Amino acid sequence: MRLSKSIRYLAVSSATALTAGLLTVPSASAATEYFESFTDADVTYSSDWAAGRFSLGTLLDYPCLTARPAASGDLQLNPGPGTLFTCQTTPDASGSGALRLADDSTTAEPDSSDINFTQPFLTSGGFDITFSMAMYDTSSSANQAADGISFFLKDGSSTNYAPGYPGGWLGYIDVADALVGVGFDYFGNFSTSNTALKLNGCSTDGPGQRANAIVVRGPGERTGSPNYNGYCYLAGTSANAMNFSGTENTRAQATRRARVQVDAPTVASPKVRVYFDDLTNPILTVDQPQELQQSRSFKFGFAGSSGGSFAQFLEIWNLRFTGTPVPPPPPPVQMITLDIDANEGSCTVSKITEPVGTWVDLPGEDACSREGYEFLGFDTSASSTTPQFAPGAPVQLTGDNRVYAIYEEIVPEPFLCTP
């Protein structure tokens, strides 16, 4: 007896079958708020930070966590790369520390260090970050303080986390895959000319040294000293806009709040806005560079830079930032193979291969044949006499499997002779 297709609607399965529910596409990312205090002995997003350092002389142990006791040892960032060191000063109380990018001990050559958040954000989602910062000098000569702190965005595909050049370059110029940089420039050389900073390819020039100023510079590509491509001057405040008096010698005296806001490129005339102390009214508003608008994603970071014989404590803490994380890639497609065994006969189809969860039709009524037998359907057992599946029945591929063509012998009806 031939089975009806209409009563066969069963899924082929196996002991190792995968459920169809695994076939999902990652949902669209939503804006997410993060908070990293840097005020304790450890960090919140330990797997998302990378650190680097650069010196023209001896490498110093920066960046460092001021609240991390020496007994805890240095904090190795994993996967990083990089290290958050224990600072060479008496540790701050837990909850009262900062991430120190440089100190006021003068060295023979300039130094820079940086910290990078390695999780990329979608440019289409915009970005907003607020943070505390301090720049101060405990020495008796306030005019020996230098250089400053930079905040930057770099292309989201970049995995080079080395800081840029130290001194007046603020650790931003020569950052790899840079999209935009904001310099909080205590000493003032971040505003100097293209010639002084050894920049190529700029149609605009800096106004000259402006101490205590905030400066925005554009995208650039890492080439290595002594010449740099890009990082051109976009805009800057007047001198003394950061209102440091030069007499600050403690973190409390030097604490300032800053904010950087990056529009989504879909808005009309997207901007980069910089706020300082007043976090509601920007002190600088700059048109976004085309390179930033056209990038799919970005990462952000901070760098601190000293000038060798001119140095100061450079610290950041209480970072609160909101962005849209790049969604994870979809899982690889699991392909499933259903073998069609002719079972001593012949079939026009030997196997069906499709992604897991796919519904397919088994071979039809005329697909399999065996001399002297009638084709009935398919079963997962070669010896079955009653097939599970009718020819052409729909089945769902949930795991690699095999079905067998099932036949029924054709017995001739007896020939009756009538006398």
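The values are calculated or read from the model by the stated rules, or taken from the named source; none is laboratory data. Here the structure is a predicted model, which is why all the values come from computation and not from measurement. No Cβ is skipped: glycine too gets one built from the backbone with ideal geometry, and neighbour counts run over all protein chains shown.
Overview of values
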read-out: Options Thr280, Thr266; residue that is surrounded by fewer than 21 Cβ atoms within 10 Å (Cβ to Cβ), in a loop (DSSP other than H, G, I, E, B) and touching a residue at least 12 places away in the same chain (Cβ under 8 Å); value: Thr266
read-out: Boolean, Thr89 is part of a loop (DSSP other than H, G, I, E, B), in contact (Cβ under 8 Å) with a residue 60 or more places away in the chain and among the polar types (S, T, N, Q); value: no
read-out: Selection within segment 38-64 - surrounded by fewer than 19 Cβ atoms within 10 Å (Cβ to Cβ), of a type in the set (Ser, Thr, Tyr) and closer than 20 Å to Phe131 by Cβ; value: Thr44, Tyr45, Ser46
read-out: Close pairs from segment 382-402: first more than 16 Å from Cys368 (Cβ to Cβ), partner crowded, with 21+ Cβ neighbours inside 10 Å and at pLDDT below 95, Cβ under 6 Å, at least 6 apart; value: Asn401/Val12
read-out: Segment 131-187, residues that are buried (at least 24 other Cβ atoms within 10 Å of the Cβ), in contact (Cβ under 8 Å) with a residue 60 or more places away in the chain and of a type in the set (Val, Ile, Thr); value: Ile149, Val175, Val180, Val182
